[in-house]
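**Q** A single structure is presented below for examination.
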Amino acid sequence: MADEMSEPRRVGFVGAGRMAEAIAQGLIRAGKVEAKQVLASAPTDKNLCHFRALGCQTTHSNHEVLQNCPLVIFATKPQVLPAVLAEVAPVVTTEHIIVSVAAGISLSSMEELLPPKTRVLRVSPNLPCVVQEGAMVMTRGHHAGNEDAKLLQNLLEACGQCIEVPESYVDIHTGLSGSGVCTFSEALAEGAIKMGMPSDLAHRIAAQTLLGTAKMLQQEGKHPAQLRTDVLTPAGTTIHGLHALEQGGFRAAAMSAVEAATCRAKELSKNRKMATNFLMHEKIWFDKFKYDDAERRFYEQMNGPVTAGSRQENGASVILRDIARARENIQKSLAGSSGPGASSGPGGDHSDLIVRIASLEVENQNLRGVVQDLQQAISKLEVRLSTLEKSSPTHRATAPQTQHVSPMRQVEPPAKKGATPAEDDEDNDIDLFGSDEEEEDKEAARLREERLRQYAEKKAKKPTLVAKSSILLDVKPWDDETDMAQLETCVRSIQLDGLVWGASKLVPVGYGIRKLQIQCVVEDDKVGTDLLEEEITKFEEHVQSVDIAAFNKI
């Protein structure tokens, strides 16, 4: 049985990222398969070049991989795996062994998207697989047998240690063997740097210390507490260091990190289960060939029958041909509108358009005439108003004097008695044009109201104390293939009231992966850390997780 399992066979990869390359490299170096027996597919040549450098075959067709390889490893990003499985489902048979390394996609979800009785297995790798020192776990579906599991386990041992576990342990493995160890190595090195050791030397010693400790734990089979006891000297350096770790809550922090990562993995699995259920009920993936035929017949009716040779063209050639024909039709239409036959056929539409434009120009001219007439009427009214304003004060100033010399007093009817000096004094007190004092009172009241309004506006504009905080965020991508520039653009696209983005930089994490460290200032009453994390993690295609590296009150 061991000889049968060790026989080379064709292995396919759907997705050619860093993890797929690491597994393929391990298989080839260990002699599990020959390079020419490996076939990898990807949408672009960005990562396929690494497989070609190993001597592997490459393609852009996922169907070609399934048609030529009985064992296929799906190493795509988790968010696109359901769509890829639905795409290749028509060519999957019971002879295939389907293996997924995507996090968060359960075996039941994959089995629902694939034909019945498909042999499905799931592998949870980690970053050290790149150097063939991975700590992997695998689990099998309902229709995968012992021979399938042993075959896969035998192959993956070329990339490290692979253990078969129940599927419920996979999310725990994700939290346990994630990138937290890299953080611990980084913390150890930074402690040495603080005490005066050069950075390169500190990081090398920290990494080698972890590597040596791991080998001792594996080879000697001792409990970590036993190794610690072996070097624990009374009043020595080790006990002082352990005391500092306990004071800082290291043990509880490490346990909480595994717990938080495991809970997040389960949450992602739940969300992706919903997306998988949607694709499961969306039968368009399985009937895709019918829609392709319908589209082909439509274009044949529009552009004429397609020759047998042109049917062999790929999708890109068909699109380019359609674009060229559309461009040619547009040029013919433009040429027809300028020619003498523009009044018939497609040109008739252009003539109608020209007539419509001419009528609109006439209406526009009429409107311009009406506007000019209104402007002239307004000018006349302004002149008349200014004339009245100029004449009104003069009339008010001379009106009291005309009371003494007005001839109207002398031509009164004979029956009316002559005015006495007392009555003349009373007549002098009469103001025919209104009271100046009342006008002054109204003016004073208006000024007072205006000043009160200005004071209220000024008081309202007076700045108030606003509680603000400065936050330093660590935004971590899925892998080294993530476009960090696009990730930063997505993060900065989040615009909230009370949020101001600051400087950012890319910080190496390990194995070619970098995280985005970005500064922001928020108003505490408007923006909280939970809201920020929720908005950033919406970009699931780029963002794996968000951590708060620093938080300071301003």
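The values are calculated or read from the model by the stated rules, or taken from the named source; none is laboratory data. Treat the numbers as computed from the prediction; the structure is a model and nothing was measured. No Cβ is skipped: glycine too gets one built from the backbone with ideal geometry, and neighbour counts run over all protein chains shown. Surface accessibility is based on the protein's heavy atoms, side chains included, excluding ligands, DNA and RNA. Shrake-Rupley method; radii C 1.70, N 1.55, O 1.52, S 1.80 Å.
**Q** Test of understanding: among Val137, Val120, which residue is modelled with pLDDT of 90 or more and touching a Gly at 6+ places or on another chain (Cβ under 6 Å)?
**A** Step by step, each of Val137, Val120 is checked, and only Val120 is modelled with pLDDT of 90 or more and touching a Gly at 6+ places or on another chain (Cβ under 6 Å).
**Q** Go through (1) more than 17 Å from Ser256 (Cα to Cα); (2) open to solvent by less than 30 Å² (accessible area, probe 1.4 Å) and name the single condition Asp171 misses.
**A** It is condition (1) that Asp171 fails.
**Q** Does the stretch 179-196 contain any residue that is polar (S, T, N, Q), over 19 Å from Gly104 (Cα atoms) and either modelled with pLDDT of 80 or more or open to solvent by 50 Å² or more (accessible area, probe 1.4 Å) (or both)?
**A** Checked the stretch 179-196: at least one residue is polar (S, T, N, Q), over 19 Å from Gly104 (Cα atoms) and either modelled with pLDDT of 80 or more or open to solvent by 50 Å² or more (accessible area, probe 1.4 Å) (or both).
**Q** Then there's this: Can you find a residue that is without any contact (Cβ under 8 Å) to a residue 12 or more places away in the chain and either surrounded by fewer than 21 Cβ atoms within 10 Å (Cβ to Cβ) or more than 26 Å from the chain's Cα centre (by Cα) (or both) anywhere in the stretch 57-76?
**A** Scanning the stretch 57-76, I find no residue that is without any contact (Cβ under 8 Å) to a residue 12 or more places away in the chain and either surrounded by fewer than 21 Cβ atoms within 10 Å (Cβ to Cβ) or more than 26 Å from the chain's Cα centre (by Cα) (or both), so the answer is no.
**Q** Among the listed residues Glu457, Glu443, Glu449, Glu534, identify the single one that is assigned to a helix (DSSP H, G or I), within 21 Å of Ala265 (Cβ to Cβ), open to solvent by 70 Å² or more (accessible area, probe 1.4 Å) and free of Cβ contacts under 8 Å to residues at least 40 places away in the same chain.
**A** That would be Glu534, the only listed residue that is assigned to a helix (DSSP H, G or I), within 21 Å of Ala265 (Cβ to Cβ), open to solvent by 70 Å² or more (accessible area, probe 1.4 Å) and free of Cβ contacts under 8 Å to residues at least 40 places away in the same chain.
**Q** Picking from Leu85, Leu113, which residue would you name as being surrounded by 22 or more Cβ atoms within 10 Å (Cβ to Cβ) and in contact with a Pro (Cβ under 8 Å, 6 or more places away or on another chain)?
**A** Leu113
**Q** Is at least one residue of the stretch 40-57 in contact with a helix residue (DSSP H, G or I) (Cβ under 8 Å, 6 or more places away or on another chain), in a loop (DSSP other than H, G, I, E, B) and modelled with pLDDT under 90?
**A** yes
**Q** For the structure I just gave you, tell me whether Ala244 is assigned to a helix (DSSP H, G or I), modelled with pLDDT under 80, open to solvent by less than 70 Å² (accessible area, probe 1.4 Å) and not β-branched (Val, Ile, Thr).
**A** Judged against the criteria, Ala244 is not a match.
**Q** Same structure, new question: Working carefully through the options Leu210, Leu127, Leu176, Leu201, find the one that is surrounded by 13 or more Cβ atoms within 10 Å (Cβ to Cβ), over 31 Å from the mean Cα position of the chain (by Cα) and hydrophobic (A, V, I, L, M, F, W, C).
**A** Leu210
**Q** Here are some residues: Thr233, Thr229, Thr238. Which one is of a type in the set (Val, Ile, Thr), open to solvent by less than 70 Å² (accessible area, probe 1.4 Å) and on the phi < 0 side of the Ramachandran plot?
**A** From the options Thr233, Thr229, Thr238, the qualifying one is Thr238.
**Q** Which members of the stretch 483-522 meet the condition of being among the small types (Gly, Ala, Ser), in a loop (DSSP other than H, G, I, E, B) and in contact (Cβ under 8 Å) with a residue 40 or more places away in the chain?
**A** Correct list: Gly512 only.
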